[in-house]
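These notes concern the structure reproduced below.
The values are calculated or read from the model by the stated rules, or taken from the named source; none is laboratory data. Because the structure is a prediction, the values reported are computed rather than measured. Neighbour counts run over all protein chains shown; Cβ positions are idealised from the backbone, glycine included. For accessibility, only protein heavy atoms count, side chains too; no ligands or nucleic acids. Shrake-Rupley method; radii C 1.70, N 1.55, O 1.52, S 1.80 Å.
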Amino acid sequence: MFHFKTLAAAAGIATLMAVPAVAQDIVLRSSDTHPDGYPTVAAVKYMGDLLSAATDGRITIEVFHSAQLGEEADTIEQTRFGVIDLNRVSLGPFNGLVPETRIPSLPYIFRSTDHMRHVMDGPIGDEILAAFEPHDLIGLAFYDGGARSFYNSDHPIHSIDDLAGLKFRVMQSDVFVDMVSALGANATPMPYGEVYSAIQTGVIDGAENNPPSYDTSGHHEVAKYYTLDQHLIVPEVLVMAKSTWDTLSAEDQELIRWAAKASVAYERGAWDNQEGASMAKVVAEGTEVITDIDKQPFIDAMGPVYDTYADTPELKDLVARIQATP
Ligand code: GTR
């Protein structure tokens, strides 16, 4: 390998040494469990387009969709170590690591998607994004993840009583294990990518998710009873490895924050379309949707879950402030 200084001197172009170094291209590797075209995948690609346009191609994002970089719990660890730069994940798998994420993951904490948006777009959302930093992650933005509801392969659920004895897969968080137990059913935490075959082989009876996930994962093919009890409105989050963040200039950090926030409206638009399209598709493919469900007994059963996970004055206060947000 030649030495640049030697070469420059030999060529008599000492002035070259005064030319500022050309800024290096930054390619950010981003993970998502969902397939290409899914609203969250499309939103991070859009964010990459914004960054590329704003920097003449100097900063770009390469999105690895379909869990190419691993299941969520593993990719979270890899992002903390800086092996993955960006990660779009549900808040659920962060519940063990970042206590503040438990609160927006509590069942029925949000009254509607609009309520969730008001909360997460405001100071409470900023507070939760900031809570990632001590865990080697930078919280950049929240995306919509709709409302999650139960589906199973055995029988239609019309009330809590119909859940008794069924075994559901939940995301890897104790909050959801206890939520299912409080409803009288059994929960098994499991990576998303293992759910299809676990239902198919009868290891579990079903799972719970929003319509786009129920559709694009193919779970509707093996669990056709879908009851819209809407027990969880868990926001999705986009985080960055702190070690990557720390290598960036203040200007580039600012640009990344801006592009992430700008991609939120894009994701929400895509989400609203996808939700309707997925619902229509699963129904056309044989799903029996149960909509006449009284949510109140489900809400009433959640007291012990709140007591367990909102277990400090700060977390209790967070619950109260979310509930008081219009
Ligand atoms: C989806 C969510 C994913 C993942 C998945 C799951 O709704 O977008 O990030 O958490 O649910 O249930 O594992």
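General remarks:
- Residue check for A185: more than 19 Å from the chain's Cα centre (by Cα), open to solvent by 30 Å² or more (accessible area, probe 1.4 Å), among the hydrophobic types (A, V, I, L, M, F, W, C) and closer than 20 Å to G303 by Cβ: no
- Candidates V234, V264, V239, filtered to the one that is at pLDDT 95 or above and either more than 30 Å from T308 (Cβ to Cβ) or assigned to a helix (DSSP H, G or I) (or both): V264
- Contacts under 6 angstrom Cβ, first residue in region 156-178 being within 22 Å of G286 (Cα to Cα), partner within 11 Å of the ligand (Cβ to nearest atom) and among the aliphatic types (A, V, I, L, M), 6 or more apart: F168/A207; R169/M190; R169/V195; R169/A207
- Filtered residue count, region 89-109, keeping only those that are within 15 Å of the ligand (Cβ to nearest atom) and closer than 15 Å to G146 by Cβ: 6
- The set of residues in region 52-68 that are buried (at least 17 other Cβ atoms within 10 Å of the Cβ) and more than 15 Å from the chain's Cα centre (by Cα) comprises T55, I59, I61.
- The set of residues in region 293-315 that are under 18 Å from L183 (Cα atoms) and either surrounded by fewer than 12 Cβ atoms within 10 Å (Cβ to Cβ) or among the basic types (K, R) (or both) comprises D294, K295, Q296, D300, G303, D307.
- Tabulated pairs, region 196-211, first in a loop (DSSP other than H, G, I, E, B), second among the aliphatic types (A, V, I, L, M) and within 13 Å of the ligand (Cβ to nearest atom), C-beta under 7 angstrom, 6+ apart or interchain: I204/A198; N210/A147
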